[in-house]
Structures are given as C-alpha cells and as structure tokens.
Amino acid sequence: MNYQLPWNETTDVIVVGSGFAGLMAAIQVANLGAAAILLEKRASCGGNSIISDGVLVATGCSLQQQAQIEDSPEYLLEDMLKAGRNTNQLSLVKTLAEHTPDICNWLIEDLGIAFRQSPNQFAGHRVARSLTPKKAIGTTIIKPMLQKLKSLGVIPRNGWQMTKLSLDDRGRVNGVQVVPFLNRKQDAQWIHARKAVILATGGFSADVQFRQQFDAKLGGEIGCTNMPHATAEALEEAMRIGADTVDLEHIQLAPFTSPDEKGYGVAALLASYTVFPYGVLIHPETGKRFVNELADRKTHVDAMLAIASPCIGIADAQGVALSGQPIDKCLRRQVVYAFDNLEDLAAHYSLPYSVLLDTLERYNHFVIQGHDDDFGKPIPPVSQPLKPPYYAVRLWPKVHYTTGGLRINSQAQVLNTEGKVIEGLYAAGEVTGGVHGVSRLSTTSITECLVFGRIAGQEAAKQKLEARLT
C-alpha cells in the first residue's frame, strides 16, 4: 500500500487497542498536543486489562518506601532476568525497571488510584513489591484512564478492527485499514496517520491455531485465562510488512488456575495471595510438597506438568486473614472447600493422611524457623504454622500470557527482520516480545504496558509530520 490511498480520514497518531498500553499511549499523544484516534475492535474498552487483577510492580514507589521495604530497580531487573532465564532483552528490562516508580506514582497522584497500603510478595520476587488496587480488578485502573483520555478530547472508537497497515513509498507506516468488527459486509475504511501508528493489541493466548504453530501441545483442550478476542491478527499484519518477532514459542501458563472453573476464575486470587505465600502445594498422589510455592511461574508450571494431574493447594484461616483476600465467592462456587480438620481434607482429595500430616508438620517447622530446608521457599515474616480450619483448591495450568511478540527497541519502535526501525510503527504491551524472555515474572505485565505505552505515545507524538500529504 502506498501514500496515494483514498483516505477516509486523517489524524496524527493512530492507537490500536484500548488496554493499559493503548490507553496510556493515547493519553501521552493527547498530552503532547497531537491528534489521536484510538481504535478498539470490541464493543467496550479495556481488552484483557479489564479482567486482570490490576496488580503492578511497585519498586521504588511511595507506598513501598512508606513500608520501609529495601528494594531497587537493579533487584527487580535481576528477578526478571532470573524468571526469564536470562533470555530477556536487557535494554527493555532496564527501561521497565527504571521507569517503575514514575508509573506507580502517576497512578496514585494523577489518577487517584487507591491501592492497598502494604505491597504483596508474589512468586519469583525477592521482596514485597507488588501493589494491589483496593478493589482487585483491572477496571479500577482502566476507568480512570478512560476518563483522563476523554478529558483530553479523545473518544475511543469501539467496534472497529484494524485489518491492514499502510506503507508510503519510502516504506514508512502511514495508516491503517479498518472494518466493523461485527459487520464485515460494510466497506473498509482507510485512516491516515501523519505521524505514526501504535499497536497495543495484546497477546494471542486465545488464538489456538496461531499458538499451536509455536507450541503444538497447546491445543483447544488447554484452558485459557484470556478473553476470546485475544488473537493474533494485528501481530500477523505487522509480520506481513516485515516486522521481526521474538520468543513466539514461549507461551506462559499460569500455575494458579483451577480446572474446576472456566477461564481465569476466582481460585487464582486465593492461590496467588494466600496459598503460595502462606500455604503449601501438594502432590495429588504422594501427599508431599514438590516445589517452592513462591518460585517463578515457569518453575511452578514445569513442576506441575511433570506430575500430569491437578495438584492440591492448601491454606488456612490465618493465611486468609494475612492476605486480606476474601474467599466467600470461591466457596460459593465450590471451587474452594473448607475443612475443619486435616483428615477430612485428605479424604476429600484421596490423599494419604499420614503422609499429608507429616508434610504439614515439617512445613510448620520451617515456618517457625523462618527457612524452608526442602525447597528454599522465602517464608514471609508474618507467616504462622498451618492449623485448622483449612481451605483447599485443585490447581492446574492454563494458557495465560504470550511472552513473545514484535521486536521493539527501548523507544518502543518496531524493528524489521534486518534489525532496522520500521519508521512510523510503534508497539507496546503484550503484542511485543523481548521484555520477559522465556517466562514473565509475576505482576510485571501491567507495569510493562504502562511504561512502554507511555514511551510509545511520547515518541510517536514527537515525530515530524509527513512532508507530503494527500
């Protein structure tokens, strides 16, 4: 496609996707005085971001400092590289780690997002550095971002799907083709971007056909935590015009989901906030622990898949109180069960009682001494030995996140297969790859979206207008 297309409309910057990355990019474009159009194929904004728990990394932000937690961007970088098995693109990880405090403080001070005062420690992190909104759901952040964007005069255009990218005669991206998402009989339209196009279309976890090209075992029988519209068409279109990709074969499964409910469900919050830090994960046949419950996700998932059967997560009422994560909904849906004693729990899940009793007694000894001699789990200082009543849940991995995607540089510019910048094309969020390497460290994705969404928006808005307009 060239610059002589019959444009239906012209703007400065086109942002495709309305999750955390897309909204942040559009806000930055508008803040810098450039005209923006935000496209979203679904009838409502937010994408997968809206169904997330809204938790993000808080390294160096005001709330972490108030809690007197010793942390640094260097520590976060080291933990991300460890989770990613040192396959991450170092410049991108450094960019994320260094900008983390600014992002958190922006959410608190500019958008007025209310977070729980005490940061949480999640799997793979050496310290408590993850902030949870008071209402743990992505809408808590998405709604204020939408309000901010609309106050800047940008109204999202819902129901429009990008199908093609346009190139001018110099190979610069200068626009997009869009079609109505639910009514393909309507004519396609071409929108001209005088400065740039930003792709923030998310990952492809729900695109079974595409993901199986890179991991054949992830067929339709494997569950997914994402919305059904988490597909690869924008990524494929960027590839068509020569964009390079990285790590597409590294598709992350979540260790905290339950096979007893569809999608992300309600068990995930109990597992992440309560079972993993304050409880144990039990082999469904032996009744023994088999992994560090606070290990990174890849370690977790690999250990679970090796067992080849859903595992049993166990916590107690003390852990629930410490985490502050309610479990009423989990109990009502009969995904999580309560037990007055360990014998009943063992019988319910067909676990060998005597072995399970020894397992918990040994773990409780580790809690008292403050060190896990078996798996090296970092015992949270406030932990208490497990005692009845107990809560238990079956856990089994589901496709959760695609760590691979478009190759970008630290300015969020998309690179071609020769390693050169594709002028006029930026990308941010899960549609990109390289930040996380083989496996993403928990709670870093929202921070990534906001950091690189901001960079993409700022860099795109600063681009010079095309010298030749149509």
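The values are calculated or read from the model by the stated rules, or taken from the named source; none is laboratory data. Bear in mind that the values here come from a model prediction, so they are computed numbers and not experimental data. Cβ placement follows ideal geometry from the backbone for every residue including glycine, while neighbour counts extend to all protein chains displayed.
Of the residues making up segment 268-293, those that are modelled with pLDDT under 95 and either touching a helix residue (DSSP H, G or I) at 6+ places or on another chain (Cβ under 6 Å) or assigned to a loop (DSSP other than H, G, I, E, B) (or both) are 270, 273. Exactly one residue out of 452, 375 is of a type in the set (Phe, Trp, Tyr) and buried (at least 23 other Cβ atoms within 10 Å of the Cβ), and it is 452.
Only residues that are buried (at least 19 other Cβ atoms within 10 Å of the Cβ), more than 27 Å from the chain's Cα centre (by Cα) and either at pLDDT below 95 or assigned to a loop (DSSP other than H, G, I, E, B) (or both) were counted across segment 384-396, and they come to 1.
Of all the criteria given as (1) without any contact (Cβ under 8 Å) to a residue 40 or more places away in the chain; (2) among the aliphatic types (A, V, I, L, M); (3) over 18 Å from residue 22 (Cα atoms), the one not satisfied by residue 35 is (3). Scanning segment 226-263 for residues that are closer than 30 Å to residue 390 by Cα and either touching an Asp or Glu at 6+ places or on another chain (Cβ under 9 Å) or among the hydrophobic types (A, V, I, L, M, F, W, C) (or both) gives 253, 254, 256.
A single member of 244, 169, 215 is surrounded by 18 or more Cβ atoms within 10 Å (Cβ to Cβ) and either at pLDDT below 95 or of a type in the set (D, E, K, R) (or both), and it is 244. Among the residues of segment 190-201, not a single one is in contact with a His (Cβ under 7 Å, 6 or more places away or on another chain), polar (S, T, N, Q), closer than 28 Å to residue 399 by Cβ and crowded, with 23+ Cβ neighbours inside 10 Å. Take residue 447 and decide whether it is polar (S, T, N, Q), touching a residue at least 60 places away in the same chain (Cβ under 8 Å) and outside any loop (DSSP other than H, G, I, E, B). In short, yes.
For residue 145, indicate whether it is crowded, with 17+ Cβ neighbours inside 10 Å and not basic (Lys, Arg). Taking the combined requirement at face value, the residue satisfies it.
Annotation note: of 362, 454, the sole residue that is assigned by TED's automatic domain parsing to the domain that holds residue 275 and assigned to a helix (DSSP H, G or I) is 362.
There is at least one residue in segment 308-315 that is within 22 Å of residue 380 (Cβ to Cβ), touching a residue at least 40 places away in the same chain (Cβ under 8 Å) and under 24 Å from the mean Cα position of the chain (by Cα).
Just one residue in the set 438, 414, 399 is under 30 Å from residue 208 (Cα atoms), in contact (Cβ under 8 Å) with a residue 24 or more places away in the chain, part of a loop (DSSP other than H, G, I, E, B) and of a type in the set (A, V, I, L, M); that residue is 438. Just the residues that are touching a Pro at 6+ places or on another chain (Cβ under 6 Å), small (Gly, Ala, Ser) and farther than 26 Å from residue 225 by Cβ, please, taken from segment 27-66. Hit for segment 27-66 is 60, nothing else. The residues of segment 306-324 that are part of a loop (DSSP other than H, G, I, E, B) and either at pLDDT 95 or above or closer than 17 Å to residue 281 by Cβ (or both), listed by number, are 308, 309, 310. The strands (runs of 3 or more DSSP E) falling completely within segment 135-217 that include 2 or more residues that are among the polar types (S, T, N, Q) and in contact with a helix residue (DSSP H, G or I) (Cβ under 8 Å, 6 or more places away or on another chain) map to 160-167.
Could you please give the count of residues in segment 187-221 that are in contact with a Pro (Cβ under 8 Å, 6 or more places away or on another chain) and farther than 12 Å from residue 161 by Cα? Of the residues in that region, 1 qualify. Would you mind stating whether residue 340 is within 13 Å of residue 387 (Cα to Cα), over 34 Å from the mean Cα position of the chain (by Cα) and of a type in the set (Asp, Glu)? Judged against the criteria, residue 340 is a match.
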